[in-house]
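All remarks here apply to the structure that follows.
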Amino acid sequence: MRRVQQMTRRMQRARSAAAQAVVAVRLDLPLESADIYLRVRSSQWGQLVLSGATVTYEKGFLRRHLAAVPDSTAAEKLSAFATVAGGLCVAATLDQRRPEEALGQQLAFRQMYQVARALGIGDIREPAARAWIKDRFLEALSLLIVDGQAAWNSVANALQERGELTGDEVRNLVGASDEERGI
């Protein structure tokens, strides 16, 4: 039996949220919380979207940096934000989720393309944007496996058990894992 078939949906959500949270912490983004609660919201096209792996940033973080483009610090923070979305894609890929189980991955790729467009890199049809997104995915992967996935697993286990973590709790789990491994 494939690993994804054995993994509960709750653990899939926990691994997705944890991947994003660990990447956010390692990129020093203002993470407020991470949770695995199911939410239904409407999309800009009127469909209902179900999400269950959420990271929340300090209020106004994204809007503030989008408004500041082309400032280099804002561009750096937006690239980091896109790398966090890449973390969700890494989780879905490494967990071998089927396409119907990886809607969040599709939405994360859309977020990365929106950031690429905001930064003037290009849209989905342009090779430069595709290369930039691939780089965000690979950066997220490297941040998640640098310690053999220990921090990622630690945060995912805590999320599965508790349902939500504050940003400080995520930072403490990642810090403890990194300290234990000398990172």
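Taking neighbour counts of Cβ atoms within 10 Å as a proxy for exposure, in what order, fewest first, do Ser142, Ser72, Ser79 appear?
Fewest to most other Cβ atoms nearby, the residues stand as Ser72, Ser142, Ser79.
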Q. Gaussian network model of the chain, Cα springs within a sub-10 Å range: biggest mean-square fluctuation belongs to which of Asp35, Asp71, Asp95?
A. Asp71
Q. Across the Cα atoms of segment 3-175, what radius of gyration and what greatest pairwise Cα-Cα distance (Dmax) are found, in Å?
A. 15.3, 46
(Q) Can you list residues from other chains, or at least 5 along the same chain, whose modelled amide H is less than 5 Å from the amide H of Ser33? (A) Thr56, Gly167
Q: May I ask you to sort Thr56, Thr166 by Cβ crowding, counting other Cβ atoms within 10 Å and putting the fewest first?
A: Thr166, Thr56
Q: Would you mind getting me the FRET efficiency between Thr8 and Thr93? Use the beta-carbon distance for r and R0 = 22 Å, nearest 0.05.
A: 0.75
**Q.** In Hz, Karplus ³J(HN,Hα) per residue of segment 105-118 (6.51, -1.76, 1.60; θ = phi - 60°; x = Gly, Pro)
**A.** 4, 4, 5, 5, 4, 4, 4, 5, 5, 5, 5, 4, 5, 4
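Only the coordinates and a few stated rules stand behind these numbers; no lab work does. Keep in mind that what you see is a predicted model, and the values were worked out from it rather than measured. Every residue, glycine as well, gets a Cβ built from its backbone with ideal geometry; the counts of neighbours run over all protein chains shown.
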